[in-house]
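The values are calculated or read from the model by the stated rules, or taken from the named source; none is laboratory data. Note that the coordinates shown come from a computational prediction; the quantities given were computed from them, not determined experimentally. Methodologically, a virtual Cβ is constructed for each residue, glycine included, from the backbone with ideal geometry; neighbour enumeration extends over all protein chains shown.
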């Protein structure tokens, strides 16, 4: 038997931490002296203590740690750890995206956004549309675009999407994604739509979409500075995206704000 102090030195876990693990039923001593309350550990508990320590370093919740170390099935333990690692990777990606956006926003002299006014004629497209929650947009988009890819044999331009103002204002709104084609089919959710002619203030967002809101803000500033007003749903055109290349630096997304002039330029 090892005293708690000896076990602490062997595992590099403080006595206080070992007591906390005992209270949480994560690592129960091999025996506890009934008269003194002293905790004693066995040598074969050292690997378990080290596993618990590593899991807690990864912020695995106590309940999950308890299930992992308490399971005798190696496959079940591996699955529990893998689930948490996927969660950590997602959180790391969110953190990285936020840092990238902040660096762009806090540049002392950000490069001016290049915006052009563009008259877009009425366009025939194959479309999938629906009412979508903001949190579900990416998953919905992936499914809708997969249907379009399977249904449209000869697309005549880059795919795109129209996003209703309510999607941003109330976190739920109408979304339409499309592929231009002169012969739009009717298949599943895919159906023909004629997008109306419109005048757009267009800027190109470069790279991943995690900071696309910054480009939106830059276009909005340009619109205000040029005495224009936004009218109608935002249009996005996916010139190059993850469906074309795995290199995020090559992605190009056009943001088109429907506008009309409210005062002389």
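For residues that are assigned to a loop (DSSP other than H, G, I, E, B), under 20 Å from the mean Cα position of the chain (by Cα) and modelled with pLDDT of 95 or more, tally how many sit in region 161-188. Final tally of qualifying residues: 0.
Looking only at residues in region 199-215 that are more than 13 Å from the chain's Cα centre (by Cα) and modelled with pLDDT under 85, the one that is farthest from residue 184 (Cα to Cα) is 214.
Taken over region 189-198, the criterion of being surrounded by fewer than 17 Cβ atoms within 10 Å (Cβ to Cβ) and modelled with pLDDT under 95 is satisfied by 196, 197. Among the conditions (1) more than 30 Å from residue 65 (Cβ to Cβ); (2) not assigned by TED's automatic domain parsing to the domain that holds residue 239, the only one that residue 175 does not satisfy is (2). Taking region 131-157 as the region of interest, how many residues are at negative phi and touching a strand residue (DSSP E or B) at 6+ places or on another chain (Cβ under 7 Å)? The number of residues fulfilling the criteria is 15.
Name the single residue that is nearest to residue 9 (Cα to Cα) among those in region 35-46 being without any contact (Cβ under 8 Å) to a residue 40 or more places away in the chain and surrounded by 11 or more Cβ atoms within 10 Å (Cβ to Cβ).
It comes out as 46.
The test for being surrounded by 11 or more Cβ atoms within 10 Å (Cβ to Cβ) and in a loop (DSSP other than H, G, I, E, B) holds for residue 113. Taken together, the criteria exclude residue 95 from residues that are touching a residue at least 24 places away in the same chain (Cβ under 8 Å), within 31 Å of the chain's Cα centre (by Cα) and within 30 Å of residue 208 (Cβ to Cβ). When the test is whether a residue is under 25 Å from residue 77 (Cβ atoms) and without any contact (Cβ under 8 Å) to a residue 24 or more places away in the chain, residue 11 does not pass it.
Against the list (1) without any contact (Cβ under 8 Å) to a residue 24 or more places away in the chain; (2) more than 19 Å from residue 177 (Cα to Cα), the condition residue 244 fails is (2).
Close contacts from region 19-32, counting a first residue that is over 13 Å from residue 66 (Cβ atoms) and a second that is surrounded by 14 or more Cβ atoms within 10 Å (Cβ to Cβ) and modelled with pLDDT under 90, with Cβ to Cβ under 6 Å and a gap of 6+ residues or different chains, come to none at all.
For residue 127, the test of being assigned to a loop (DSSP other than H, G, I, E, B) and within 27 Å of the chain's Cα centre (by Cα) is failed.
Of the listed requirements (1) at pLDDT 90 or above; (2) assigned to a helix (DSSP H, G or I); (3) surrounded by 12 or more Cβ atoms within 10 Å (Cβ to Cβ), residue 139 misses just one: (3).
Scanning region 113-159 for residues that are under 19 Å from residue 205 (Cα atoms) and without any contact (Cβ under 8 Å) to a residue 40 or more places away in the chain yields 137, 138, 141, 157.
Within the bounds of region 65-78, is there any residue that is surrounded by 12 or more Cβ atoms within 10 Å (Cβ to Cβ), more than 27 Å from residue 6 (Cα to Cα) and under 26 Å from the mean Cα position of the chain (by Cα)? Yes: region 65-78 contains one or more residues that are surrounded by 12 or more Cβ atoms within 10 Å (Cβ to Cβ), more than 27 Å from residue 6 (Cα to Cα) and under 26 Å from the mean Cα position of the chain (by Cα). Do we find a residue being modelled with pLDDT of 80 or more and closer than 29 Å to residue 211 by Cβ anywhere in region 33-50? No, region 33-50 contains no residue that is modelled with pLDDT of 80 or more and closer than 29 Å to residue 211 by Cβ.
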